[in-house]
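Note sheet for the following structure.
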Amino acid sequence: MTLSVLLNMAMFPTDHGESKSKYVSEVIKVIRECGYPYQLTPMATIIETEKISQALEVVQNCYNKLEELDCNRVYSSITFDIRN
């Protein structure tokens, strides 16, 4: 598998109190289930995919999970490194 997209992502709700760990852990579950290699860091998660569409699908799935948890306002920091 030749990886050509690196996604550096942080995502959490801003409308559910001070502690975000419950929500971040749910986002990490979604990332684990996606099947792509990933690395947790103190400030974000790095995910490797072959295509930009796959990376965007991971982002969408994470947002969908927060939406299911009644999060009405979500902060996301997303950076891509795309190698063609």
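The values are calculated or read from the model by the stated rules, or taken from the named source; none is laboratory data. Values in this document were obtained by computation on a predicted structure and should not be read as measured data. We place every Cβ from the backbone using ideal geometry, glycine too, and count neighbours over all the protein chains shown. With ligands, DNA and RNA removed, areas are computed over all heavy atoms of the protein, side chains included. Shrake-Rupley method; radii C 1.70, N 1.55, O 1.52, S 1.80 Å.
Observations on the model:
- The lone criterion from (1) open to solvent by 60 Å² or more (accessible area, probe 1.4 Å); (2) in contact (Cβ under 8 Å) with a residue 40 or more places away in the chain; (3) assigned to a strand (DSSP E or B) left unmet by residue 7 is number (1).
- Top-ranked residue in the range 42-69 [being part of a loop (DSSP other than H, G, I, E, B) and in contact (Cβ under 8 Å) with a residue 24 or more places away in the chain; ranked as surrounded by the most Cβ atoms within 10 Å (Cβ to Cβ)]: 44
- Scanning the range 20-32 for residues that are open to solvent by 40 Å² or more (accessible area, probe 1.4 Å) and hydrophobic (A, V, I, L, M, F, W, C) yields a single hit, 24.
- Of the criteria (1) small (Gly, Ala, Ser); (2) open to solvent by 50 Å² or more (accessible area, probe 1.4 Å); (3) under 10 Å from the mean Cα position of the chain (by Cα), which one residue 35 fails: (3)
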